[in-house]
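Undergrad: What follows is a structure written as structure tokens; I'll ask about it next.
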Amino acid sequence: MTKRQNRMTLVALLVIGVSLAGYLGLKAFNENLLYFFSPTDVTEGKAPKGKSFRLGGMVAKDSVKRDGIKVTFDVTDYANTFSVNYSGILPDLFKEGQGIITTGSLINGVFMATEVLAKHDENYMPPEVADALEKAKNKQ
Amino acid sequence: MWKWIQAFASPKNFYQISQQITPWFLYPFIVLALVGLYWGLIVAPIDYQQGESYRIMFIHVPAAWMSMFIYLVLAISGGIGLILQIKLAYVVAKVSAPIGAAFTFLALVTGAVWGKPMWGTWWVWDARLTSELILLFLYLAYMSLNNAFDNPKTASKASSVLAIVGLVNLPIIHYSVKWWNTLHQGASVSVNKVAIQDTNMLIALLLMSMAFKFLYGALMLMRARDEILVTEQNSSWVKKIIMKYKQ
């Protein structure tokens, strides 16, 4: 091998080695990299018990009840549902049908939240388009 | 062919060519940025959920794209420097690093400013935000490593190895929103799907991302010329240029 090929091999080995290390590292930490648990994860016992964790899902339709700054609502992934108790300021995007992530712990089957964050999706559209889509959906 | 590449990549040749082509990056940047900002701030309609606040994406998304693109340039020119021992490749990598770091910082800051009203928080440690922060640290580590050696050759080699090692972070950033649950939303624009349902929004985004590409090209060329004058200060052609300005 010429010197140049030698150096090329070294760099290639470096790239392969690092990718492998990265892959194995990510595989090992996979669970810890989940930012939140879905209601189904929690039902299946994947969420930490007796400790605070994050629950993520959709705010169920017609479930939001406000009483001053106290608010209760249901978080669902359309397979399982948990009701959430929270008192505090909700983000602008919070509404029924919106994706949210909430931090807290499960006490007697009710999720006592200390923080509620709204999750935005990747869709961007003007209000007229959103209205048109909504109308089309209702017609079906 | 090697001779041809080496001749083209000689510092002297690059110095002269880059002087001529810099305007071809600088002026398109100015035009694209002005039209893009007008399109993004005035022509594009409001978003059905976020109102006016979504317009920050016309800076945030191109800046985030550039932060990854420039890192790729860093690693590839580092690799070319190591394998083919072309000085110019090291110069390109060295001068690109601070530009990339600046775009990464811009992406993080604009994201935080948007996150506060929309998500309800400036910052969370989810996979996307954390991996982008690691990208900023990689740029900073690259820059400090490059300045930590007295011998410029050793500095270039060591920092190029670091740049190539850090390459593993790029797919993590890109796929973080797919592989794991994150607060950050998935990609709005990707190869097989565009989730931006308005042509004017899309045009503004594409104009701005083109503008940032040209801005990087212009900044890189200008900084590379300065860097070449420093590294080649003992060669006769640089001395000639300096003499010309002294008179």
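Undergrad: I'm checking my understanding of the structure. Among residues of the range A:111-127 that are acidic (Asp, Glu) and facing chain B (nearest Cβ under 7 Å), which one is farthest from residue B:120 (Cα to Cα)?
TA: Ranking the qualifying residues of the range A:111-127, first place goes to A:122.
Undergrad: Let me ask something else. Here are some conditions: (1) part of a loop (DSSP other than H, G, I, E, B); (2) out of contact with any Leu (no Cβ under 8 Å at 6 or more places or on another chain); (3) more than 8 Å from every other protein chain (Cβ to nearest Cβ). Residue A:93 meets all but one. Which one does it not meet?
TA: In the conditions (1) part of a loop (DSSP other than H, G, I, E, B); (2) out of contact with any Leu (no Cβ under 8 Å at 6 or more places or on another chain); (3) more than 8 Å from every other protein chain (Cβ to nearest Cβ), residue A:93 misses (3) alone.
Undergrad: Looking at residue B:215, is it within 19 Å of the chain's Cα centre (by Cα), at the interface with another protein chain (Cβ under 10 Å from one of its Cβ atoms) and buried (at least 18 other Cβ atoms within 10 Å of the Cβ)?
TA: Spelling it out, it is not the case that residue B:215 is within 19 Å of the chain's Cα centre (by Cα), at the interface with another protein chain (Cβ under 10 Å from one of its Cβ atoms) and buried (at least 18 other Cβ atoms within 10 Å of the Cβ).
Undergrad: Next question. Out of the residues in the range B:218-240 that are part of a helix (DSSP H, G or I) and over 17 Å from residue B:21 (Cβ atoms), state the one that is nearest to the other protein chains (Cβ to nearest Cβ). Lay out the reasoning, then the answer.
TA: So in the range B:218-240, the residues part of a helix (DSSP H, G or I) come out as B:218-231, B:236-240.
Imposing the further condition that a residue be over 17 Å from residue B:21 (Cβ atoms) reduces the set to B:229-231, B:236-240.
Details: B:229: 28, B:230: 26, B:231: 21, B:236: 29, B:237: 27, B:238: 28, B:239: 32, B:240: 33 Å.
Looking at the filtered set, the residue picked out is B:231.
Undergrad: Kindly list the number of the only condition in (1) surrounded by 22 or more Cβ atoms within 10 Å (Cβ to Cβ); (2) hydrophobic (A, V, I, L, M, F, W, C); (3) under 24 Å from residue B:219 (Cβ atoms) that fails for residue B:109.
TA: Exception for residue B:109: condition (1).
Undergrad: Regarding residue A:50, is this residue part of a loop (DSSP other than H, G, I, E, B), away from chain B (no Cβ under 14 Å) and in contact (Cβ under 8 Å) with a residue 40 or more places away in the chain?
TA: Criteria met by residue A:50.
Undergrad: Looking only at residues in the range A:97-120 that are without any contact (Cβ under 8 Å) to a residue 40 or more places away in the chain and farther than 26 Å from residue B:128 by Cα, which one is farthest from the chain's Cα centre (by Cα)?
TA: Selected residue: A:108.
Undergrad: Kindly provide the set of residues from the range A:53-81 that are charged (D, E, K, R), assigned to a loop (DSSP other than H, G, I, E, B) and surrounded by 14 or more Cβ atoms within 10 Å (Cβ to Cβ), ordered by number.
TA: Result: A:77, single match.
Undergrad: Scan the range B:112-152 for residues that are modelled with pLDDT under 95, surrounded by 20 or more Cβ atoms within 10 Å (Cβ to Cβ) and away from chain A (no Cβ under 11 Å) and jot them down.
TA: B:146
Undergrad: Right, here's the next one. In the range B:170-188, what count of residues is obtained for those that are touching a residue at least 40 places away in the same chain (Cβ under 8 Å) and either within 30 Å of residue A:12 (Cα to Cα) or more than 9 Å from chain A (Cβ to nearest Cβ) (or both)?
TA: Residues flagged as touching a residue at least 40 places away in the same chain (Cβ under 8 Å) and either within 30 Å of residue A:12 (Cα to Cα) or more than 9 Å from chain A (Cβ to nearest Cβ) (or both) within the range B:170-188 amount to 8.
Undergrad: Scan the range A:34-47 residue by residue and report those that are in a loop (DSSP other than H, G, I, E, B) and in contact with an Asp or Glu (Cβ under 7 Å, 6 or more places away or on another chain).
TA: Hits for the range A:34-47 are A:35, A:38, A:47.
Undergrad: Which members of the range B:218-239 meet the condition of being in contact with a Leu (Cβ under 9 Å, 6 or more places away or on another chain) and surrounded by fewer than 18 Cβ atoms within 10 Å (Cβ to Cβ)?
TA: Listed by number, the list holds a single entry, B:222.
Undergrad: Being under 28 Å from residue B:53 (Cβ atoms) and not aliphatic (A, V, I, L, M) narrows it down to one residue among A:44, A:115; which is it?
TA: A:115
The values are calculated or read from the model by the stated rules, or taken from the named source; none is laboratory data. Since this is a predicted model, take the numbers as computed values, not measurements. All Cβ positions, even for glycine, are placed from backbone atoms using ideal geometry, and neighbour counts span all protein chains on display.
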